[in-house]
Amino acid sequence: MAHGPHYGEFSFSKDAGFSGSADGYARGGKVKPFWDKPAPAGEPKHLSKKQKSSAKARAAAAGRPYPNLVDNAAASRRKEK
């Protein structure tokens, strides 16, 4: 298995989505991570109460006191039933 960049004591495979390049692109220079892109135009879309609780649960499971951008993005991508 080919290894990608090393971060401290961790190493990731090349297909893990991390890039060691200086251009800031992930996945081999094809896709820029959403946190490095400008915000979309128009009114911001707020999370519903169900999405907020999902983001808070995800953060708590990871040991964080409150949700971060990735938790909120994961909650917003989930389909509501």
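Does at least one position in the stretch 16-38 carry a residue that is modelled with pLDDT under 65, on the phi < 0 side of the Ramachandran plot and among the polar types (S, T, N, Q)? Taking every residue of the stretch 16-38 in turn, at least one turns out to be modelled with pLDDT under 65, on the phi < 0 side of the Ramachandran plot and among the polar types (S, T, N, Q).
Assigned to a loop (DSSP other than H, G, I, E, B), at pLDDT 85 or above and surrounded by 10 or more Cβ atoms within 10 Å (Cβ to Cβ): does that describe residue 67? Here the answer is yes, as residue 67 does meet what is asked.
The values are calculated or read from the model by the stated rules, or taken from the named source; none is laboratory data. Computed from a predicted structure; not experimentally measured. Ideal geometry is used to build each Cβ from the backbone, glycine not excepted, and the neighbour counts take in all protein chains shown.
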